[in-house]
1. Sequence neighbours fewer than 8 away in the same chain don't count; with that in mind, list the aspartates and glutamates whose C-alpha is under 16 Å from Lys37.
2. On the first, second and third principal axes, largest extent first, how far apart are the outermost C-alpha atoms of region 1-77 in Å?
3. Between Ser88 and Asn59, what's the calculated FRET efficiency when r is the beta-carbon distance and R0 is 30 Å? Round to 0.05.
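No value in this document is a laboratory result; all are computed from the given coordinates. As the structure is a computational prediction, the values presented were derived from the model and not from experiment. Heads up, the Cβs are rebuilt from the backbone with ideal geometry, glycines too, and the neighbour counts pull from every protein chain shown.
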Amino acid sequence: ELACDDHRLQYYRRVASFNRLCGVNVTEITADQVKDKFPLIDTEDVLAGFYVEDDGRVNPYDACMALAKGSKLNGAKIFEGVVVEGVSKTRHVDNNSTNNKKKNLIPRVTG
């Protein structure tokens, strides 16, 4: 979690204290430490972060398989044994989509 105002900072400190009582190793970290761990984040308004080292750990194989399954269920095609040379932000609308709720947007991958 990130605290960006005094109210949230006090709230997260109470939550962290409770979590420590439950055996979770929560560490309050500075905005600079947040930036070190997550370089793409803008920490201009961050007062503090609350970090749990073991949070978010996942078996990479299982995560990949879950993402592939979800993607396939939503109409993605997966190609193996190919080299990806780039990904474009331009999207192509599939007008032949069988999805009645919305048209499929297809990212362009080159390779």
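1. Glu1, Glu28, Glu53, Asp54, Asp55
2. Ordered largest first, region 1-77 gives principal extents of 46, 32, 21 Å.
3. Numbers: r = 31 Å, r/R0 = 1.02.
After rounding to 0.05, the efficiency reads 0.45.
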